[in-house]
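Notes follow once the structure below has been shown.
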Amino acid sequence: MHKGERFTKGIDEFNSGLFFECHDTLEEIWNEERNPELKKFYHGLIHITVGFYHLTNHNFRGASSQFKKAIDKLGTYPRVYMDIKLEELLNEVKFWLEKAERAMNGEVENLNLENLPKIKSIDEK
């Protein structure tokens, strides 16, 4: 399977809530990537994936840490990158970062994990 197919597979895994599997798929691509800009992009997506993995396992500190790393890595990229609506995704990550930090302080009653974000391409609404 070439990189484009694996990237699509990783996005499909993320959008299906298969965060552990998505992490493995994206990590394969990240390990092979030689372009520093793309490598950093994949690494940022991995942080997002691991953050949601931690969040769904109620490891709020781990989720918070990973979300912050993702925002730091991806914050300078354009609004759309590699056909991904990156700005929209980062806004979702920031929203869930706030929820994770509130959950660390005991506010878990408002933590509804049913509406987790999706990675959307530019052809999706």
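The values are calculated or read from the model by the stated rules, or taken from the named source; none is laboratory data. Note that this is a predicted model, so its numbers are computed, not measured. Using ideal geometry, Cβ is built from the backbone for each residue, glycine included, and neighbour counts are taken over all protein chains shown.
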Do we find a residue being basic (K, R), in contact with a helix residue (DSSP H, G or I) (Cβ under 8 Å, 6 or more places away or on another chain), modelled with pLDDT of 95 or more and not in a strand (DSSP E or B) anywhere in the stretch 73-89?
-> yes
Scanning the stretch 8-35 for residues that are among the acidic types (D, E) and in a helix (DSSP H, G or I), which turns out surrounded by the most Cβ atoms within 10 Å (Cβ to Cβ)?
-> E13
